[in-house]
Amino acid sequence: MSVLTSLAQVQAAAAGVAQPVATVRHCHLAAAPLVMVPLKMAGEAAAPLAVMLGSDRAAPELLAVPQPRNRDLRFAFAAEFAKLVLEHVAANVGAAESLGEGKDGEERVRYTEAPQILLPNRGGVGFLRLLGRSTRFRRTEGPYAVEPAVPALGRWLTWYADRHDRPGSSLLLTMTETLRLHWATGQSSLEDGNLAALVGWIDPPDGLDGPAAARRAEDPVASPPAGPATDPTFDNEVLAPAIAAYDGAGRDPRAEERVRDALRGQLAPTWDLMWRSVDLLRTLPEGGSVARRWERDRDGFTWFHRSFAESLPQPRRDIAVRAARRLHDLERAQDAYEAQRAFDDPLVMIEHRLNGLAFGGVVVGGDPARLDESGKRPKLRPHLLVATGDPVRLDPGATVVNAARPGLKGRVLEVGADGVLVELTGGMGRGLVPAAGSVPQVGERVVFTSLTEGSFGPARFPEAEDTPWTHGGPPAEYVPTDEDAQEDWS
Amino acid sequence: MTDTAPALDRLRGDAPPRNHDARTIAALTANPGCARRGLMDAAGVDKDAVARHLGFPAPFGQSQFAITRGNGFEQQVKENGCAELLTLLRERAGLDVAEVAYDDLEVVAGGEGRELRHARTRALLGRALDGDAGTLFDHPLLKLDIAGQPAYLEPDVIAFQLAGRFHVVEIKSFAVIDGQAEPEQVAAAARQAAVYVLALRRLVAELGHDPARVSHEVFLVCPENFSNRPTATALDVRPQLATVERQLARLTRVDRLVEALPDGLTFALGEELPETVRAVEARYAPECMASCEMAIFCRDEARACGATGVLGRSVRDDLGGVDSVAAALELADGTREAPPELAELAGQLRTAARLRAEALQLAAAGGVA
Ligand code: SF4
């Protein structure tokens, strides 16, 4: 957080409507994402109650467990859920682009699509992670056998939850986090965690302002929680009697329908909000580096899908080597992601301008054709004087790049009262005369920053899972035991 | 502080007093600067009823599914004189006593008076401190002085004689999966347990023994993975203990708060209630939502006066010294003169406002730069 986001929040509070903190969309949105709204039973770690899901906003599927304490019903739910998730995965496997031959002589490919999942909030991610944990070790034969799709679901859910931890990944997005990346509201992050309240601030319904819409969103009757936790009053007054009736009626289909109806009523409003949020995000143009990050996501998906058959379920706990590598990867991904967002979006770059690591203004002078003839051979070294009101905190000698075109590099010569004097060093073509349009002209607006290509990280860093054995080898696999496979799920 | 007792009784009106428990004390330390809460809690005012009466009921409902699960688990662990708990403590904590006495202090012959129950806890503890037998106390009742008022506390179990020390045992029904539990839930359990440790240490000291005989290591008993099987985890609550002690010492003395009140003030439910509540200063922060029944009312009040505190701790920290939304905006657009101590912040706000306006204008014009 910073003075900038705080200011945006204060402005939102005064205006009664959310204020933008991004001018482009910083995440990928698939043409047909799988939207999921899961609910779990209160008091249990990972007892599924229901999930509303699908890629067609007009036709959501509802899966529900009429008696969540019943183990068989729970596994039946897992099997149905698995079928839908695996269908979504399969729908995104098909076309692939060739990346040429790898070192081992095998042809490498990247699927052109990847299956995206959208959840309301982080709680949903935690729930999927636990659901993945409780199903991925199950066996499909022997005692306590389950349907083959169940352990497969567990492995996919685990993979998705893991991808969510990766900064800049769009494979599994949560709506509250994603919206907050683009808008600031006049309420605290606690209240922003309520999807209905957040959307209410961003796009209040006719006749209401943000605060009024958010207030309505806090009434669990008008606006049921987005899960995975349910509203306690709903549990006590609606759900519990419906489940009891189901138990009492000897599992009569009508009694089951009563439970399903109750759950549908809780889920449908959030389902609509999810799609409204998708619409809101689509109003923003996609950021310049989004496609590149999505390419990494597609790489990860391609790898996971193609090695699925011969791999074992993910371990219960990461071994040390893998955990350390993962942390390192996440840090690099975080740095790269932050730099990319700033380069993509002037409204994000101002964060660096406020901190003095970037500055913007109008070119007021300099020498656009200047040659440095002090060495053996003359070099093209134009000077630009940029008038700026920004609190520049760069020392002479600091390397900077042009924010709009990071290929244009230079270094700070002097920070003075009439502006910052920059010497351009690269990105102007090969000759002694700058390529047309490469050097900003007097009167042009420019932003230079010390964030460099370097802090982008290498364009392609290896995924943890395909670290070659030459770099420490693939981590030892965790081999699940009988005990894992037969673990209680009560 | 018996002299404030009548004043506190009057504040409460005719209602019977509500008492602190470890959860409310832990919560108290989350916002020690709030006079409103300090006073209402000290007087034992039913904040839930007050909030309801004011039209801002607390959103603290509990699902019967969660209650059933919680009670069921605790019962299971405590069954047959805490048999399952004992096995766990033997295995996980190296409790090496063959025979362990079990004392259930819940029902004291002929009466349930808290003073009596506390006296019995005290007597049994005293005996245990002098001997060296292993003991489990079920439903003990401890006492802690909060801002000059006694509060009674009921830890789940106290286990004695692991290397001569007492350990507080907390039974919680959230799951520990592959050795990990939800951090917020563990943190809340640790805060509560720290309150018990503190109360127990004070009692041990009163009995003339070394308070260090109460361990800062508590045992958290939770279901393991997705089963009903309990598992015990040792938890070092020293950090929480330090916080609780520091905050309790800082709590504004209730007698001083009472003195400052206008005569005749009462939290009895009635027409004057909103005025009474407003007369006592609050200090709302979003953290109140998880810990105080008055939260919705106080948030509404703070919003109405445009306090920046409602936007969260990060905003309050970023805008340190600027308490209202209006003031922050006026500093940002230069219409308000900044006092010297806010000059730097004001400068930042002005730059931030200019940069935001420029970038947004540019985006609206469809440009990039
Ligand atoms: S909710 Fe109100 S009374 Fe309670 S601690 Fe917060 S400010 Fe104080």
Item to check | A:Met349, sole failed condition from (1) away from every other protein chain (no Cβ under 11 Å); (2) under 26 Å from the mean Cα position of the chain (by Cα) | outcome: (1)
Checklist entry - Within the set of pairs 6+ apart or on separate chains, which have a first residue in the range B:280-305 that is among the hydroxyl-bearing types (Ser, Thr, Tyr), a second that is open to solvent by less than 60 Å² (accessible area, probe 1.4 Å) and within 7 Å of the ligand (Cβ to nearest atom), and C-beta atoms under 7 Å apart? => result B:Tyr284/B:Cys298
Checklist outcome for this item: Note on B:Gly72: of the conditions (1) under 19 Å from B:Val254 (Cβ atoms); (2) assigned to a helix (DSSP H, G or I), unmet is (1)
Next on the checklist: For the range B:153-172, give me the residue count where each residue is open to solvent by 30 Å² or more (accessible area, probe 1.4 Å), away from chain A (no Cβ under 14 Å) and either among the hydroxyl-bearing types (Ser, Thr, Tyr) or not in a strand (DSSP E or B) (or both).
Outcome noted: 2
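One line per residue, one yes/no per condition, for (1) open to solvent by less than 70 Å² (accessible area, probe 1.4 Å); (2) in contact (Cβ under 8 Å) with a residue 40 or more places away in the chain; (3) within 13 Å of chain B (Cβ to nearest Cβ):
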residue	(1), (2), (3)
A:Ala245	yes, no, no
A:Arg251	no, yes, no
A:Ala262	yes, no, no
A:Thr270	yes, yes, no
A:Leu280	yes, yes, no
A:Thr283	no, no, yes
Checklist entry - Is it the case that B:Ala232 is surrounded by fewer than 19 Cβ atoms within 10 Å (Cβ to Cβ) and more than 21 Å from the chain's Cα centre (by Cα)? => result no
Next on the checklist: A:Gly94 - would you say it is surrounded by fewer than 15 Cβ atoms within 10 Å (Cβ to Cβ), in a strand (DSSP E or B), in the same structural domain as A:Gly227 (by TED's automatic domain parsing) and not charged (D, E, K, R)?
Outcome noted: no
Item to check | Filter pass, B:Val315 being within 11 Å of the ligand (Cβ to nearest atom) and in a helix (DSSP H, G or I) | outcome: no
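Residue by residue, here is whether (1) open to solvent by 40 Å² or more (accessible area, probe 1.4 Å); (2) of a type in the set (Ser, Thr, Tyr); (3) over 16 Å from the mean Cα position of the chain (by Cα) holds:
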position: B:Ala249; (1), (2), (3): yes, no, no
position: B:Glu259; (1), (2), (3): yes, no, yes
position: B:Pro262; (1), (2), (3): yes, no, yes
position: B:Thr266; (1), (2), (3): yes, yes, yes
Item to check | Residues satisfying the stated conditions in the range B:274-310, i.e. more than 13 Å from chain A (Cβ to nearest Cβ) and more than 14 Å from the ligand (Cβ to nearest atom) | outcome: B:Glu275
Checklist entry - How many residues are within 16 Å of the ligand (Cβ to nearest atom) and within 14 Å of chain A (Cβ to nearest Cβ) when one looks only at the range B:53-82? => result 6
Item to check | Residue in the range A:420-431 that is at pLDDT 90 or above and open to solvent by 50 Å² or more (accessible area, probe 1.4 Å) present | outcome: yes
Item to check | Subset tally (residues that are among the acidic types (Asp, Glu) and either in a helix (DSSP H, G or I) or open to solvent by less than 30 Å² (accessible area, probe 1.4 Å) (or both)) for the range B:178-197 | outcome: 2
Checklist entry - When you look at B:Ala175, is it surrounded by 16 or more Cβ atoms within 10 Å (Cβ to Cβ), more than 14 Å from chain A (Cβ to nearest Cβ), under 19 Å from A:Ala42 (Cα atoms) and of a type outside the set (Val, Ile, Thr), yes or no? => result no
Checklist entry - Got at least one residue in the range A:70-86 being at positive phi and either more than 14 Å from chain B (Cβ to nearest Cβ) or crowded, with 19+ Cβ neighbours inside 10 Å (or both)? => result no
Checklist entry - So how many residues does the range B:33-47 have that are within 11 Å of the ligand (Cβ to nearest atom) and either open to solvent by less than 20 Å² (accessible area, probe 1.4 Å) or assigned to a helix (DSSP H, G or I) (or both)? => result 10
Checklist entry - Being at the interface with chain A (Cβ under 7 Å from one of its Cβ atoms) and at positive phi, is that true of even one residue in the range B:316-332? => result no
Next on the checklist: Quick check on the range B:21-30. Is at least one of its residues within 21 Å of B:Lys143 (Cβ to Cβ) and open to solvent by 50 Å² or more (accessible area, probe 1.4 Å)?
Outcome noted: yes
Checklist entry - What is the residue count in the range A:1-17 for residues that are among the aliphatic types (A, V, I, L, M), open to solvent by 10 Å² or more (accessible area, probe 1.4 Å) and more than 7 Å from chain B (Cβ to nearest Cβ)? => result 2
Next on the checklist: Need pairs with beta-carbon distance below 9 Å; first residue without any contact (Cβ under 8 Å) to a residue 12 or more places away in the chain and farther than 15 Å from B:Ala43 by Cβ and within the range B:261-274, second in a loop (DSSP other than H, G, I, E, B) and open to solvent by 30 Å² or more (accessible area, probe 1.4 Å); sequence gap 6+ or separate chains.
Outcome noted: B:Glu272/B:Thr266
Item to check | Residue match in the range A:76-86 (condition: assigned to a helix (DSSP H, G or I) and not hydrophobic (A, V, I, L, M, F, W, C)) | outcome: yes
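The values are calculated or read from the model by the stated rules, or taken from the named source; none is laboratory data. Predicted, not measured: the structure shown is a model, and the values here were computed from it. Neighbour counts run over all protein chains shown; Cβ positions are idealised from the backbone, glycine included. These accessible areas exclude ligands, DNA and RNA; they are computed on the full protein's heavy atoms, side chains included. Shrake-Rupley method; radii C 1.70, N 1.55, O 1.52, S 1.80 Å.
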